[in-house]
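See below for the structure under consideration.
The values are calculated or read from the model by the stated rules, or taken from the named source; none is laboratory data. Everything quoted here is computed from the prediction, not taken from an experiment. Note that each Cβ is placed from the backbone with ideal geometry, even for glycine, and that neighbours are counted across all protein chains shown. Surface areas here come from the heavy atoms of the whole protein model, side chains and all, with no ligands, DNA or RNA. Shrake-Rupley method; radii C 1.70, N 1.55, O 1.52, S 1.80 Å.
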There are 2 protein chains.
Amino acid sequence: MHKILNNIGKLVFGRGSVHQLSSMIDPIREKNNGKFVFIVDHFFKSSSLVGDLKLKPEDVLYFEDCDVHEPTTEQIDRLRDDILLNHGLPSGVVGVGGGSIMDIAKALSLMLTTEGPSSDYQGLNLIKKPGVFHLGIPTISGTGAECSTTAVLTGPVKKLGLKCEWTVFDQIILDPSLTHSVPRNHWFYTGMDTYIHCIESETGIHNNAFSRAYGEESLKLCREVFIGPNSGQNEENDDKLMIASLFGGLSLTYSEVGVCHALSYGLSKILGYRHGYANCIAFNHLHDYYGDAVLEFKQMLAHHSIDLPQNLSSGWTDDQISAMAQVSWNLPHMWIHALGHDWESKISLKDMEGLFRRL
Amino acid sequence: MHKILNNIGKLVFGRGSVHQLSSMIDPIREKNNGKFVFIVDHFFKSSSLVGDLKLKPEDVLYFEDCDVHEPTTEQIDRLRDDILLNHGLPSGVVGVGGGSIMDIAKALSLMLTTEGPSSDYQGLNLIKKPGVFHLGIPTISGTGAECSTTAVLTGPVKKLGLKCEWTVFDQIILDPSLTHSVPRNHWFYTGMDTYIHCIESETGIHNNAFSRAYGEESLKLCREVFIGPNSGQNEENDDKLMIASLFGGLSLTYSEVGVCHALSYGLSKILGYRHGYANCIAFNHLHDYYGDAVLEFKQMLAHHSIDLPQNLSSGWTDDQISAMAQVSWNLPHMWIHALGHDWESKISLKDMEGLFRRL
């Protein structure tokens, strides 16, 4: 049995395409109560972007702070309860921000029509009903959350996605002009998320011609953006990195992440590290798994003078390291992809602790 | 305003994925009368493929002969009338074959719910109602019809697509094992369709980072399939060419074809040449528009010892040439893309006749 990929329903790409939002969501207002819920990264609280979204008076706007932590199941439940209590079942949800906001919008759209705590639904196909319409507008490139078929949440027990038939966005707006103000470190760490997606996607048992084609092109674009003669933050590269992110995400929909993401989830769950940063911290020390790609990554770091912290593990307790290894161990789909179905005969919990001690 | 791309709803890729058809369409049988209409290329009439489709007793099967002509509006109307009269409104349509069958399945799904002759709806957004569910299973790679947002038909007056919100397939099954028995000439001509799509897509005013990324990767795959050290018909290349076709089609959804397709439509409408073959006949003489790509195309021809006919125009009448030029002239969207909005100041009807006389 081959995986059946659920596609994004509609997609628009281009500078200024955010101004087409109303024309895309107005026909949807016929469903439910006619209101739209906007989840916007608090980074844009005093930005002109909010005006560009052209909210109607009845719409509901939340600014969410994604700097303090990645999206949590509690956060989704709080938003869901507040919306249903004070505003009723909306016509749809629009997310405007980075990967965290994309995940919040996707998870919220599902939980608006599903009862109980969202932590009960972390996993595959545990949600049994379609959510409300949801549209994503990414403002930073690299996460692939704009096209992924999962909504990753950190719950009381695990960091794991709500992954079902209806998770993927109904529509996305890819407007590269929204990413021009991304701070350089964020630009690099988040961009590297897609670079690492592609390397992990193609280095494992689930890779096939579909995921390889998306991964190859995404890597080519990443190289142009991060190390080529015209590398750096500029209009042309903002366009390219937005497509690289999309392609990296689409590569993964038919493949899987690997060792780096397994470690990265441990760093995020136990220490609260942001996803892109955590990936970079881990990938930098995975030469024995990802070979030349790690060397290329180090060239990109040097090329953009990114001062990636070293020897972090010297500040971690044994308990923290053991807890992180346990989080990684509990992601068998990543280890199966990276090492094969007999992964448990190739790596032990102790070995995983060893990987964290490298960082 | 940027174009809004309607995506294929669901996609499965992999050898043997045709066996997942029942699991994909059975849930759809709840709609309308529970029957599925299968439109299968008559090439497969005595093939085991028909058994693999696992039709239910109530399903309706048509073998269509696409060798004699490309899909016509009459053919769609005849199928539609026969189905509605004898079987009622079906749950969906499944198309199994090449680009012609893909176009028939897409057009038929629309015309089953729209009254009148389909020639009334050749153009953009003339259809105002969703069609029935439709699923495509390509058995040859290159046309991009599996993902295109139009269903190209030859009508009494023009060769032009039914292009609307609901044209694109709801689901597609990409099973490269179905393409292994394609005769070598067909394999080459149809594969070149995607090569030409990508060259035309990137050589014109509508090209952008989205269509360029798809086009670049598709060209890379075409080169591996048609000229690389492992070129030719084999399992790995069947996989690659199926993805190249998809990517070439997706590149076009955000860009446009150009001079070669404008001429090719003339050849098909007036002389009945098959699309892939007509493209090759035209592209071979378009060095002044597509430069090095035409040289590379000639290398591919030589590499596979394809004996492309020359001096065909010596057998055409002036009336035929003038009629073909008129067909090309009536495709302004292609000329605008290739030459700019002022295309009429750059090429005349007489010049177009000259292009046909080259062939």
- [ ] Count the net charge of all other residues whose Cβ sits under 11 Å from the Cβ of residue B:19, scoring Lys and Arg as +1 and Asp and Glu as -1.
- [x] 0
Task: Crossing angle, helix A:318-329 versus chain A [Cα axis fit, 0-90 degrees, rounded to tens] - done: 70
Open item on the list: What figure, in Å² to the nearest 10, do you get for the accessible area of residue A:187 with a 1.4 Å probe and non-protein molecules left out?
Closed with: 20
- [ ] Search the structure for amide H atoms under 5 Å from the amide H of residue B:89, placed 1.01 Å from N in the peptide plane, and list their residues when 5 or more places away or on another chain.
- [x] none
Task: Coordinate range along principal axes, alpha carbons of the stretch A:184-358, Å, largest first - done: 46, 36, 24
Task: Per-residue [θ]222 nm for the protein assembly as shown (sum of -39500 (n - 2.57) over DSSP H runs n ≥ 4, rounded to 500) - done: -14000 deg cm²/dmol
Open item on the list: Just to confirm, what accessible area per residue do you get for the protein assembly as shown at 1.4 Å probe, in whole Å²?
Closed with: 37
- [ ] On a C-alpha basis, how far is the centre of the stretch A:162-183 from the centre of the stretch B:194-220 in Å? Whole number, if you could?
- [x] 23
Task: By accessible area with a 1.4 Å probe, ligands and nucleic acids excluded, highest first: order of B:202, B:236 - done: B:236, B:202
TODO: Taking the Cα centre of the protein assembly as shown as origin, sum charge times position over the Cβ atoms of Lys and Arg (+1) and Asp and Glu (-1), and report the length of that vector in debye to the nearest 20.
DONE: 520
TODO: Would you pull out the residues with amide H under 5 Å of residue B:72's amide H, same chain only if 5 or more places away, H placed 1.01 Å from N?
DONE: B:154
Open item on the list: Heavy atoms of the protein only, probe of 1.4 Å, neighbouring chains included. What is the accessible area of residue A:274 in Å², nearest 10?
Closed with: 80
Task: Of A:71, A:138, A:57, the one that fluctuates the most in a GNM where chain A has Cα springs shorter than 10 Å - done: A:57
TODO: For residue A:298, go through the aspartates and glutamates and keep the ones whose alpha-carbon is under 17 Å away, minus same-chain ones fewer than eight residues off.
DONE: A:193, A:200, A:224, A:288, A:307
Task: Equivalent ellipsoid semi-axes, the stretch B:168-227, via Cα gyration tensor eigenvalues times 5, rooted, Å - done: 23, 16, 10
Open item on the list: Given a 10 angstrom Cα cut-off, can you work out which residue in A:116, A:155, A:16 is the most mobile in a GNM of chain A?
Closed with: A:116
- [ ] For chain A, compute Rh as the Kirkwood radius over C-alpha pairs and then the Stokes-Einstein diffusion coefficient at 25 °C and 0.890 mPa s; write the answer in µm²/s, rounded to an integer.
- [x] 119
TODO: Take B:2, B:341 and sort them by solvent-accessible surface of the protein heavy atoms, 1.4 Å probe, largest at the top.
DONE: B:341, B:2
TODO: Please work out how much accessible surface residue B:254 shows to a 1.4 Å probe, ignoring ligands, DNA and RNA, in Å² rounded to 10.
DONE: 10
Open item on the list: I want to verify a result. In a Gaussian network model of chain B, Cα cutoff 10 Å, which of these has the top mean-square fluctuation: B:118, B:201, B:46?
Closed with: B:46
TODO: Pop out the ³J(HN,Hα) list for the stretch B:296-305 in order, Karplus 6.51 cos²θ - 1.76 cosθ + 1.60 with θ = phi - 60°, rounded to Hz; leave Gly and Pro as x.
DONE: 5, 4, 5, 4, 5, 3, 5, 4, 10, 6
Open item on the list: As a test of reading the structure, rank B:212, B:78 by solvent-accessible area (1.4 Å probe, protein chains only), most first.
Closed with: B:78, B:212
Task: Accessible area buried between chains B and A, both sides summed, probe 1.4 Å, in Å² to nearest 100 - done: 2900
Task: Principal axis box of the stretch A:10-179, alpha-carbon based, largest edge first, Å - done: 40, 34, 28
Open item on the list: I'd like the mean, over residues of A:240-249, of how many other protein chain beta carbons sit within 10 Å of each residue's own Cβ.
Closed with: 2
Open item on the list: Bin width 5 Å, origin at 0, all Cα-Cα pairs of the stretch B:123-201: what percent of pairs per bin?
Closed with: 3, 14, 18, 21, 21, 15, 7, 2, 0
Task: Convex hull volume per residue in cubic angstrom - Cα atoms of the protein assembly as shown - done: 163
Open item on the list: What are the ³J(HN,Hα) couplings of the stretch B:54-68, residue after residue, when phi is run through the Karplus curve with 6.51, -1.76, 1.60 and θ = phi - 60°? Round to Hz, x for glycine and proline.
Closed with: 6, 5, 8, x, 7, 6, 10, 10, 10, 9, 10, 8, 9, 7, 6
Task: Shortest-first distances to equivalent copies, position residue A:84, nm, label 7 Å out along Cβ - done: 4.4
Task: Around residue A:88: net Lys/Arg minus Asp/Glu count, Cβ-Cβ under 14 Å - done: 0
TODO: Report, to the nearest 10°, how far helix B:73-86 tilts away from the longest principal axis of the Cα atoms in chain B, using its own Cα long axis and a range of 0 to 90°.
DONE: 0
Task: Subset of B:158/B:269; A:10/A:159; A:45/A:158; B:54/B:106; B:106/B:240; B:54/B:129 violating a 19 Å alpha-carbon distance limit - done: A:10/A:159; A:45/A:158; B:54/B:106; B:106/B:240; B:54/B:129
Task: Test item: B:204-212 mean partner chain Cβ contacts at 10 Å - done: 4
Task: Label spacing, shortest first and in nm, from residue B:317 to its equivalents in the remaining copies (7 angstrom along Cα→Cβ) - done: 9.4
Open item on the list: 7 Å along Cα→Cβ for the label point: how many nanometres lie between residue B:358 and each equivalent label in the other copies, listed shortest first?
Closed with: 5.6
Open item on the list: What do you get for the angle between helix A:235-253 and the principal long axis of chain A? Use alpha-carbon atoms, 0 to 90 degrees, nearest ten.
Closed with: 80
Task: Options A:57, A:153, A:312, ranked by Cα towards positive dipole end of chain A, top entry (Cβ charges) - done: A:57
- [ ] Could you give the size of the charge dipole of chain A about its Cα centre, using +1 on the Cβ of each K and R and -1 on the Cβ of each D and E, expressed in debye and rounded to the nearest 20?
- [x] 340
